[in-house]
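The values are calculated or read from the model by the stated rules, or taken from the named source; none is laboratory data. This is a predicted model, so every value here is computed, not measured. All Cβ positions, glycine included, derive from the backbone under ideal geometry; neighbour counts span all protein chains shown.
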Amino acid sequence: MSFINYSSREINCKIVYYGPGLCGKTTNLKYIFGNTAPDAKGKMISLATETDRTLFFDFLPLSLGEIQGFRTRFHLYTVPGQVFYNASRKLILKGVDGVVFVADSQIDRMEANIESLDNLRENLADQGYDLDRIPYVVQYNKRDLPEIAPVEELRPLLNPGGVPEFEGEATNGRGVFATLKAIAKLVFMELKRSRGT
Amino acid sequence: MAGADTVIFEEEFAKINAVCDRLRGEANALVVFIVDKNGQLISASGETEHLDTTSLASLTAGNVAATGGIAKLLKEKEFATQFHEGEKANIHIQIVGQRVILVVIFDTRSSLGLVRLRVRKASEELNKVFDSLVEKAKKPGAMSVLEEITDEDIENLFNE
């Protein structure tokens, strides 16, 4: 649910990074934060446990430039990946404009990926969204690790709908901005489409 | 997409800002701000130069969402008011008309009773403004900026 202010000439959108525990959602945000010009970003907030696991959410406000004389600002959020934090995950999906699903490419995390994707679909439905209709991209993260599944194997399970997908290595930044750009584009296309004449 | 987009037009923006300014004065508060339930800052009044209002907005909305989650578990519709007391600053959080959040930060120069009283009055005024906004946003052409976005605009965002 975007927020448009005609007075301050701003368009604000909300993007949520979703995925199983330890798949690299926070790492994606940290990389974006570390590689964006200071005037284009706000503070990054992490509500994490003592062991650095996301407890409620991470938050990063980001400016992308102007469209039709309006400043565009994206609020990036992550959800806690651990299964038992589902109540928090649901809350963070409220008012979302676009979703990035960060999958963990390691073979032994396949079940966790599928479980998280099912949970995403369910939680979106609870908020009145349909995963097949909202702006949505997939990132196969951790491609730099050994013991990973080939993308050809991941795709039918995690991206049967054929949305834009990217290989990622969030720790060194590969694929991070490509993923962000893709979801930002889809969000604007959807805004235009939903209001188009 | 679920829910409607939030749109603020100049006329209503000025009215909202005026309510915030007046509330800050009448409640003797340091800062007053309004956030939508998704964490977007709508208006801020007062000594905000040293405050990270964007983060405050997002965390307040998160807080309200979490409290709303607790309310649901207790079969309550919502907990419309929250108050946090600090050593120097206090924060009063009020859900207005189930759609926006009115936040008042104040110190010892004010009191919870006064803030509550003034917030109640301001909430009524804000409700009227947001009602008219909802009506206005429904009219055709209200979101013209979105209709005018071109594919080129979107491409250009990433070519800088």
Let me confirm something: among A:185, A:181, which residue is within 14 Å of another protein chain (Cβ to nearest Cβ), in a helix (DSSP H, G or I) and farther than 19 Å from residue A:34 by Cβ?
A:185
Scan region A:28-71 for residues that are at pLDDT below 95 and β-branched (Val, Ile, Thr) and jot them down.
A:36, A:45, A:49, A:51, A:54, A:67
Quick check, is residue B:142 outside any helix (DSSP H, G or I), touching a residue at least 12 places away in the same chain (Cβ under 8 Å), surrounded by 14 or more Cβ atoms within 10 Å (Cβ to Cβ) and within 14 Å of chain A (Cβ to nearest Cβ)?
yes
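A quick yes/no check of all residues on (1) of a type outside the set (A, V, I, L, M); (2) away from chain A (no Cβ under 14 Å); (3) within 30 Å of residue A:66 (Cβ to Cβ); (4) in contact (Cβ under 8 Å) with a residue 40 or more places away in the chain:
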position: B:61; (1), (2), (3), (4): no, no, yes, yes
position: B:73; (1), (2), (3), (4): no, no, no, no
position: B:97; (1), (2), (3), (4): yes, yes, no, no
position: B:108; (1), (2), (3), (4): yes, yes, no, no
position: B:119; (1), (2), (3), (4): no, yes, no, yes
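Let's see how each residue does on (1) part of a strand (DSSP E or B); (2) more than 19 Å from residue A:186 (Cα to Cα); (3) out of contact with any Cys (no Cβ under 7 Å at 6 or more places or on another chain):
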position: A:27; (1), (2), (3): no, yes, yes
position: A:30; (1), (2), (3): no, yes, yes
position: A:47; (1), (2), (3): yes, yes, yes
position: A:71; (1), (2), (3): yes, no, yes
position: A:77; (1), (2), (3): yes, no, yes
position: A:84; (1), (2), (3): no, yes, yes
Among residues of region A:66-83 being in contact (Cβ under 8 Å) with a residue 24 or more places away in the chain and within 10 Å of another protein chain (Cβ to nearest Cβ), the residue farthest from residue A:22 (Cα to Cα) is A:69
Within 11 Å of chain B (Cβ to nearest Cβ), surrounded by fewer than 23 Cβ atoms within 10 Å (Cβ to Cβ) and in a strand (DSSP E or B): which single residue out of A:63, A:88 fits that description?
A:63
Do the conditions hold for residue A:17, that is, is it in a strand (DSSP E or B), crowded, with 22+ Cβ neighbours inside 10 Å and more than 14 Å from chain B (Cβ to nearest Cβ)?
yes
By residue number, the members of region B:83-126 that are modelled with pLDDT of 95 or more and of a type in the set (S, T, N, Q) are B:90, B:94, B:108, B:110, B:111, B:123
Go over the candidates B:21, B:52 one by one and state the one that is farther than 21 Å from residue A:97 by Cα, at the interface with chain A (Cβ under 7 Å from one of its Cβ atoms) and more than 13 Å from the chain's Cα centre (by Cα).
B:52
Does region A:94-106 include one or more residues that are in a helix (DSSP H, G or I), more than 21 Å from residue A:14 (Cα to Cα) and at pLDDT 95 or above?
no
Name every residue in region A:41-60 that is more than 10 Å from every other protein chain (Cβ to nearest Cβ) and hydrophobic (A, V, I, L, M, F, W, C), in order of residue number.
A:48, A:55
